[in-house]
Amino acid sequence: MSRTVGVLREHHRHYHGTGLYTPPASISNEELVASFNRYVELHNERNAHAIARGEIDPLQPSAVEFIEKASGIKSRHVMDKDGILDPERMCPRLPERSNDEPSIQCDMSVAAAREALAQAGRTPEDVDAVIVACSNLQRAYPAVAIEVQEALGIDGFAYDMNVACSSATFGIQAAANAVENGTARAVLVISPEICSGHLNFRDRDSHFIFGDACTAVLVERDDQVAAGHGFEVLGTRLKTRFSNNIRNNFGFLNRGDESGIGKPDKLFVQQGRKVFKEVSPMVAELIVSHLESLSLKAEDLRRMWLHQANLNMNQLISRRVLGRDATTDEAPVILDEYANTSSAGSIIAYHQHKDDFTPGDLGVICSFGAGYSIGSVVVRKR
C-alpha cells in the first residue's frame, strides 16, 4: 500500500456511530465569576497587611465580559458544581471509589460508547478493541480502556493513550490503522475528559477555560456498513512539535521532591498568547497540506469541526484555510456551552453537526493543543 507519514491513502475505514456523555451540572460565566471574585475578596482580606507592606500583590477580580471576549465561552458542563463554586475549595468533589466499583471515567465512557453503538446499530460483540484517548487518566494502571472493555463486554484488546487535546484524533488514526490492517473489525475511540480536575480555578487567566464531557467514535471497515451510512475516512495526518507553552507537571515522581507538591505547575498552565500565535498558523498549514495530499482544496470542504478551545483561534484558523471568514455552518461552535473539553471538543462538534450531510459532502475534524500536537481527519459522507 502506498503510504506517506501520517496519511492513509486507501479508503477502507469509516465512522459509523458517535456518542456523547454530557455531565448534568452546568456552570455559567456569571456563577463562575461570582465564586472567583468572592475568593479574591477573601484572599485580599486575609492578606491585607502583607499587601499593605508590598510583600504580595492583591489579586484582581474576573469579569464575564473578559471571559467572553477572550474565549467565546459562556458556560461549561462539569462533573461536580458545588466544589468548584465553593470559594474555600475551588475544585470538584469527586470521592474515590473502591476497586470493585467502576471508575468515574469508566462510567462516562460506557455511556458515550453505548450511544455510539446504538447509532451504528452495533453491539459490543461487533467490536474488537477499545482505545481510551484523553488528556488525563484517572490512574496509571490497570488501563481505563481495559476497564471499559470489561464493562461493555468486548472481547479483544484495549489500551489508553494521551496526546493532550489531540488524543481523540490520534486515537482515530490508531483505530483506522487497526481496522485497515485487519487487527480489529471495529474499534471504539473514547475520550472521557474531566478537565475540571486539572484546572486551577484560582487563576484569573485560565479559571474559565475547561469543562467536562466524554465522546465516543466507532471506526469500522467500510465493507461492513450499508451504503449511504456513516462517513468514509479519506485520510489522517498527525503532527507534533515540542513546546513548554502548555504544560501540566503532575506525575508519579512529584513525591520525590516535596518542594514542588501543590505548586501551580501541577495543574494546567499555559502561555496563552504564545499558543495563539504559534499554533494557529501550524494548524491552518497542516489542514491545507493534508487536503492537497488527497487532491482536495479548501473550497471542497462543507465543514470544519475544529478543536473547541478558543473562538478567536478557530476563526483565525478557518479564515486562513478558506481565505475568508467561515460561517457558523462551515465551522460550528460548541464551546459557548461546553467550554474547552480538550480532545472531546472537535468530536462534540462533529457529533452535533454531521446529520445534515448528504452523500459526497466533505469535512475535516481537526484537534490541536499541548505538545504541541495536531491531528487532522478528512471524511466524506457515504
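The values are calculated or read from the model by the stated rules, or taken from the named source; none is laboratory data. Just so it is clear, the structure is predicted and the values come from calculations on it, not from any experiment. As a convention, Cβ positions derive from the backbone with ideal geometry for all residues, glycine included, and neighbour counts pool all protein chains shown. These area figures cover heavy atoms from the full protein model, side chains too; ligands, DNA and RNA do not enter into them. Shrake-Rupley method; radii C 1.70, N 1.55, O 1.52, S 1.80 Å.
Tabulated values for the structure
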item	result
The chain - Rg (one decimal) and Dmax (whole number), Cα, Å	21.0, 73
Long-range amide H partners of ALA164 with built H, under 5 Å	none
Rounded Å value of the spacing that divides the Cα centres of segment 152-189 and segment 82-100	31
Per residue accessible area of segment 86-179, 1.4 Å probe, in Å²	44
Positive minus negative residues near PHE36 (Lys, Arg vs Asp, Glu; Cβ under 9 Å)	+3
Residues with amide H under 5 Å from that of ALA213, placed H, sequence gap 5 or more	GLU193, CYS195
Percent carbon-and-sulfur accessible area, the chain, ignoring ligands, DNA and RNA, probe 1.4 Å	50
Relative packing of peptides 183-190, 55-62, 277-284 - highest average C-beta neighbours within 10 Å first	183-190, 277-284, 55-62
Sequence-distant residues sharing a close amide H with ALA25 (under 5 Å, placed H)	VAL78
Residue-wise HN-Hα coupling along segment 63-75, computed from phi with Karplus coefficients 6.51, -1.76, 1.60 (Hz; x: Gly, Pro)	8, 4, 4, 4, 4, 5, 5, 6, 9, x, 7, 10, 7
Under the Karplus curve 6.51 cos²θ - 1.76 cosθ + 1.60, θ = phi - 60°, whole-Hz ³J(HN,Hα) for segment 212-226, x wherever Gly or Pro sits	10, 5, 9, 10, 9, 10, 9, 10, 8, 5, 4, 6, 9, 10, 4
Average accessible area per residue (Å²) across segment 309-356 - probe 1.4 Å, nucleic acids and ligands excluded	38
Note, ³J(HN,Hα) from phi for segment 317-332, Karplus 6.51, -1.76, 1.60, rounded to Hz, x at Gly and Pro	4, 5, 5, 5, 6, 8, x, 6, 5, 7, 7, 5, 6, 6, 9, x
Antiparallel bridge percentage (DSSP; both residues within segment 91-218; nearest 5)	40
